[in-house]
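Chemist: Handing you this structure, nothing more for now.
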Amino acid sequence: MNSTSSPIAPADVHRPRYHLTADATWMNDPNGLIRHDGVWHAFFQNNPEGSTWGNMSWGHAVSEDLATWTNLPVALPFSETELIFSGSVVHDAKNTSGLGATDGKGPLVAFYTSAYTPAHPTTPGIQAQSIAFSEDGGATWTYYAQNPVLTRDSENFRDPKVFFHQESSRWVMVTVEALDHSVHFHVSQDLLAWEPASVFTHPGLDGGIWECPDLLRVPTPGGGEDSWVLVVSTNPGGPAGGSGTYSLIGHFDGRRFTTEAAPQPLDLGPDCYAAVSFSGVDGDPVLLGWMNNWAYAEHTPTDPWRSSMTLPRTLQLGTAADGTLEVIQHLIVPAEIRTLDLELPTSSAVLAELDAEEPIRLRGTLSTRSAHRLFLRFGDGPQARDLILAVDPEGRISLDRSDAHREPFAPEHTRTLPYAPATDRDEISFDLVIDRSCVDLELDGGRAMISAQIFPGASTLAVFTEPAA
Ligand code: FRU
């Protein structure tokens, strides 16, 4: 847990309590997410030597409840010739790779991208997929001697996500050719030898480079064959500007992903990137995203630690009003967070006076029939800063964080994207968690998610309503 491994200093006003952060260094994408022997492991892109991007290595944290995290030593360190870019971890329970002891429980196998530096003797600038393995549940790791296990002699081939496909009895690796806007599928019987299976691309997602793919198996509502959700991050081209994450609902036959659906934002907010799922989870997939945006990630005012993960969330499919499938996500909210269930008048009313340093969960419903606003006011007087959950005259909902910073850190990225409910329901539910600088919002029973960072740096929080401006 952050608060046991490095107690929150009084001055560290932005440090969230229930969102994973590195102790005192830079973090980007979640990597190697796995639930193993009852422990949730989150590895992450980490600069062990600084508070901006560089020296990419895998940091490591563990949790028993997905609410509080304990930071551990760096798991996969960079070297002069190789940076350790994003990837995934699987439990090779049957030791198909032969990397574990023959009588053991099977190794954990990490897949990461070797980003070879200019100092590399034979393949400078190339990105290829490599392996490290652990026989002690993820505490210590050994780099595989015959790395890389998969190369295309490309400078932008990265972010391997590996899972086992039951029907074909094959391991599947999902990667991107980032500049080509394509997802590559490879299959293997032993995690070591990989054969190309297919390439996926989609004209609806051409706003930026593609990164950090994932493929999730999800039950289809009403039964029948499972559906599959391809998750792809793009930078730029995100729904709120800068970087963002999208989902595509479709089919997967063990080699090829197909879809008739258009890409949908996995999150409408500015701060959810590289979201991927935990391996080793039975039931609904559980995802974590990086709670930042490449447009300004290195400038957020939290030196020396910088960036957090989103709260974890589950993903399911539902049936939309028009009969098509839709992604439904639910926040996994730590039970320790105080919850206020609010009755929202559409007129002016003060609902609560709170301590802004304490995480809070606010739940309620918004009427789509009249324009009104829920204010979260941090501090008071001229220093007051507002985060606003608003319903506009068309019944669209938005989270406006443009004023919610002590100093503007990214004036060009205060844009919010309104959520328009697809039906003409009178009331839309919201579930809003504020954990210091981290805001996670689930709207409309999970049909929309909005993740956003705020930096108001105040000790009080007033919750009140106002009619529309
Ligand atoms: C996405 C990303 C990945 C890459 C990693 C490097 O944020 O660019 O594609 O593996 O970050 O840190």
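The values are calculated or read from the model by the stated rules, or taken from the named source; none is laboratory data. Note that this is a predicted model, so its numbers are computed, not measured. Because the Cβ atoms are built from the backbone with ideal geometry, glycine has one as well, and the counts that use them run over all protein chains shown. The accessibility values were calculated without ligands, DNA or RNA, using every heavy atom of the protein model including side chains. Shrake-Rupley method; radii C 1.70, N 1.55, O 1.52, S 1.80 Å.
Chemist: Identify, among 344, 395, 333, the residue whose Cα sits farthest towards the positive end of the charge dipole of region 319-400, taking +1 on the Cβ of Lys and Arg and -1 on the Cβ of Asp and Glu, with the dipole about the Cα centre.
Modeler: 395
Chemist: Two decimals is fine: what's Rg over Rh for region 11-95, C-alpha atoms, Kirkwood radius as Rh?
Modeler: 0.99
Chemist: Under a 1.4 angstrom probe, counting protein chains only, how are 322, 267, 426, 392 ranked by accessible area, largest first?
Modeler: So the residues, ranked largest to smallest area, are 322, 426, 392, 267.
Chemist: OK, next. Stokes-Einstein diffusion coefficient for region 416-469 at 10 °C in a medium of 1.306 mPa s, Rh from the Kirkwood formula over Cα pairs: what value in µm²/s?
Modeler: Here the translational diffusion coefficient equals 120 µm²/s.
Chemist: Something else: I'd like the accessible area for residue 396, computed on protein heavy atoms only with a 1.4 Å probe and all protein chains in place. Round to 10 Å², please.
Modeler: Here the residue's solvent-accessible area equals roughly 90 Å².
Chemist: In nm, what is the difference between 0.36 nm times the number of residues separating residue 152 and residue 402 and their Cα-Cα distance?
Modeler: Answer, rounded to one decimal: 85.7 nm.
Chemist: Only Lys, Arg, Asp and Glu count, each charged at its Cβ (+1, +1, -1, -1), so figure out the dipole size of region 185-280 about its Cα centre, rounded to 20 debye.
Modeler: That gives region 185-280 a dipole magnitude of about 60 debye.
Chemist: Quick one: how many Å² of residue 346 are accessible to a 1.4 Å probe, rounded to 10?
Modeler: The value for residue 346 is about 60 Å².
Chemist: Among 445, 461, 354, which residue has its Cα furthest toward the positive end of the charge dipole of region 352-469, with +1 on Lys/Arg Cβ and -1 on Asp/Glu Cβ?
Modeler: So the residue furthest toward the plus end is 445.
Chemist: Length gain on complete extension for the stretch residue 94 to residue 262, per 0.36 nm per residue less the alpha carbon to alpha carbon distance?
Modeler: Details: separation 168, 0.36 × 168 = 60.48 nm, distance 3.78 nm.
Additional length available on full extension: 56.7 nm.
Chemist: For region 432-439, in order, what is each residue's ³J(HN,Hα) by Karplus, 6.51 cos²θ - 1.76 cosθ + 1.60 with θ = phi - 60°, in whole Hz (x at glycine and Pro)?
Modeler: Per residue, the Karplus-derived 3J(HN,Hα) values read 10, 10, 10, 10, 6, 7, 10, 10 Hz.
Chemist: Moving on. Where a ≥ b ≥ c are the square roots of the eigenvalues of the C-alpha gyration tensor, would you call the chain rounded, which needs a/c under 1.5, or, failing that, prolate if a/b is larger than b/c, or oblate?
Modeler: prolate
Chemist: Could you state the number of Å between the C-alpha centres of region 269-285 and region 412-469?
Modeler: Answer, in whole Å: 20.
Chemist: Nearest 500 deg cm²/dmol is fine: what mean residue ellipticity at 222 nm does the chain get from its DSSP H runs of n ≥ 4 alone, each adding -39,500 (n - 2.57), divided by its residue count?
Modeler: Result for the chain, helices only: 0 deg cm²/dmol.
Chemist: Right, next: Please give the charge dipole size of the chain, origin at the Cα centre, charges +1 on K and R Cβ atoms and -1 on D and E Cβ atoms. Round to the nearest 20 debye.
Modeler: In debye, rounded to 20, the chain gives about 120.
Chemist: Let me ask something else about it. Ordering 282, 355 by how much accessible area each has at a 1.4 Å probe, largest first, what is the list?
Modeler: Of 282, 355, the descending order of accessible area is 282, 355.
Chemist: Gap in Å between the Cα centre of region 174-221 and the Cα centre of region 321-354?
Modeler: Comparing the Cα centres of region 321-354 and region 174-221, I get a distance of 34 Å.
Chemist: Kindly provide log₁₀ I(q)/I(0) values, in the same order as q = 0.27 Å⁻¹, from the Debye equation applied to equal alpha-carbon scatterers of region 118-199.
Modeler: Log10 I(q)/I(0), no solvent term: -1.33.
Chemist: With +1 assigned to the C-beta of every Lys and Arg and -1 to the C-beta of every Asp and Glu, and no other charges, what is the dipole magnitude of region 379-469 about the Cα centre in debye, to the nearest 20?
Modeler: My answer is approximately 280 debye.
Chemist: Okay, moving on. Placing one identical point scatterer on every Cα of region 338-467 and ignoring solvent, what is log10 I(q)/I(0) from the Debye formula at q = 0.19 Å⁻¹?
Modeler: -1.08
Chemist: Follow-up question, since we're still on this one. Could you sort 228, 53 by their accessible area in this structure, using a 1.4 Å probe and putting the largest first?
Modeler: Final ranking, largest accessible area leading: 53, 228.
Chemist: Here's another thing I want to ask about it. Can you find, among 44, 87, 127, the residue sitting farthest towards the positive end of the charge dipole of the chain, where Lys and Arg contribute +1 and Asp and Glu -1 at Cβ?
Modeler: Among 44, 87, 127, the one farthest towards the positive end of the dipole of the chain is 127.
Chemist: Can I ask one more? At a probe radius of 1.4 Å, what is the per-residue accessible area of residue 425, in Å² to the nearest 10?
Modeler: That residue has around 80 Å² of solvent-accessible surface.
Chemist: Turning to a different aspect of this structure: With r defined as the distance between the Cβ atoms of residue 370 and residue 319 and R0 fixed at 25 Å, what FRET efficiency is calculated, to the nearest 0.05?
Modeler: Approximately 0.30, to the nearest 0.05.
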